[in-house]
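To start, the structure under review is shown below, and the notes come after it.
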Amino acid sequence: MAKLRAAITGVNGYVPDYILTNAELETIVDTNDEWIRSRTGIEQRHILKGEGKATSDMCVEAVKGLLEKTGTSPDEIDLVICATVTADMPFPDTANITSDKVGIKNAFCFDINAACSGFLYALTTGAKFVESGSHKKVIVIGADMMSSIIDYTDRTTCVIFGDGGGAVLLEPTEEEVGVMDSVLKSDGNGRHFLHQKAGGSLHPATMETVTAREHFVFQNGRPVFKAAVKGMTDTVKTVMSRNNLSNDDISWMVPHQANMRIIDSVTRMSDFPLEKTMVNIQKYGNTTAGTLPLCLWDYESQLKKGDNLILTAFGGGFTWGAVWLKWAY
Ligand code: UT7
């Protein structure tokens, strides 16, 4: 029997309506449009507003549209994986809550917490279930409501992050398309540079943790920047060289959208043309697990069956990696 591969057979994205511009941020913290654009490439980000709204509400929008687009009934879905660091609540998982809201009743569901690399981890995990033959219609979501863990008095983080996400459908195929290879890495020592200190078992929520603003994202940007450039470049080179792929073979590089200067450095160090690199950071900022599916969604109309894509990301953990994907439609 031919080897089963996991093909992406549809993608859909969602960003909330409210747009937080650099101009509005200038009224909130000591920053300016020129600094944000030149240091990050970000012009605006979308923010989920409204009482009772959470990450699962964005997942629901992405998944409903995905089912519609692919002509799939909720009953057919047998696995849902959601990559997020902004789960609706510590438990149950956002994948479960999303499935309940969408009417997916025959699936098992779980979340993956790998920060900005979450979508790569979830895609690779979902692909394994498809490749094994055990699961036939798998939804992989990457979504974050970063505004729920961002300190809007901290100019070093609040200008970067936004809310949004997307979802893909994975189905088995015997054709040479789909998730072809993955290189995934972790280094727990990176936790010192990028984390949310309180709210877990180490520092449960208390009046003191709230007053000390420890339930927000902390980032020491410069070491993260350096590690991101190295980690993404290394894994892109590894996944390409072990599959004998040259830059000419690659139709698109799909990098995590954390900072335009990181994207520039990774493409430059890989000798890869920026024209063939997906970039939408100017519109959405860094949506953590949402960036890669939002790129695929934005560029979907430009993709052709058989196109080789290299996805790469770096984030809290540290976590990082690269995935070689052959577009399936
Ligand atoms: O997605 C997860 C992984 N995360 C990343 O990949 C993010 C990696 N890091 C970065 O993207 C960048 O380090 C940042 C965008 C976070 C910061 O850019 P930077 O060029 O590394 O700036 P910096 O932290 O070295 O700060 C340079 C200056 C400082 O002023 P002084 O000390 O030189 O006077 C900051 O206080 O820029 C100042 N600054 C700002 N000024 C205006 C920092 N944030 C702002 C701001 N507006 N929002």
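Every number here is computed from the coordinates shown, using simple stated rules; none is lab data. Please read these numbers as outputs of a predicted model, since none were measured by experiment. Because the Cβ atoms are built from the backbone with ideal geometry, glycine has one as well, and the counts that use them run over all protein chains shown.
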Residue under evaluation Lys3, criteria (1) surrounded by 15 or more Cβ atoms within 10 Å (Cβ to Cβ); (2) touching a residue at least 24 places away in the same chain (Cβ under 8 Å), criterion not met: (1)
Look through the range 29-50, keep the residues that are closer than 20 Å to Asp144 by Cβ and in a loop (DSSP other than H, G, I, E, B), and return whichever of them is farthest from the ligand (Cβ to nearest atom). Gly50
The condition from (1) within 13 Å of the ligand (Cβ to nearest atom); (2) farther than 20 Å from Thr40 by Cα; (3) without any contact (Cβ under 8 Å) to a residue 60 or more places away in the chain that Leu309 misses is numbered (1)
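For every residue, the table says whether it meets (1) closer than 25 Å to Gly290 by Cβ; (2) hydrophobic (A, V, I, L, M, F, W, C); (3) in a helix (DSSP H, G or I).
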{"site": "Met180", "(1), (2), (3)": "yes, yes, no"}
{"site": "Val183", "(1), (2), (3)": "yes, yes, no"}
{"site": "Gly199", "(1), (2), (3)": "yes, no, no"}
{"site": "His215", "(1), (2), (3)": "yes, no, no"}
{"site": "Thr235", "(1), (2), (3)": "yes, no, yes"}
Residue match in the range 56-79 (condition: within 16 Å of the ligand (Cβ to nearest atom) and either in contact with a strand residue (DSSP E or B) (Cβ under 8 Å, 6 or more places away or on another chain) or within 26 Å of Glu300 (Cα to Cα) (or both)): no
Can you name the residue in the range 252-286 that is part of a loop (DSSP other than H, G, I, E, B) and within 14 Å of the ligand (Cβ to nearest atom) and, of all such residues, is nearest to the chain's Cα centre (by Cα)? His256
Criterion: assigned to a strand (DSSP E or B), closer than 30 Å to Cys158 by Cβ and under 20 Å from the mean Cα position of the chain (by Cα) - qualifying residue of Ala289, Ala313: Ala313
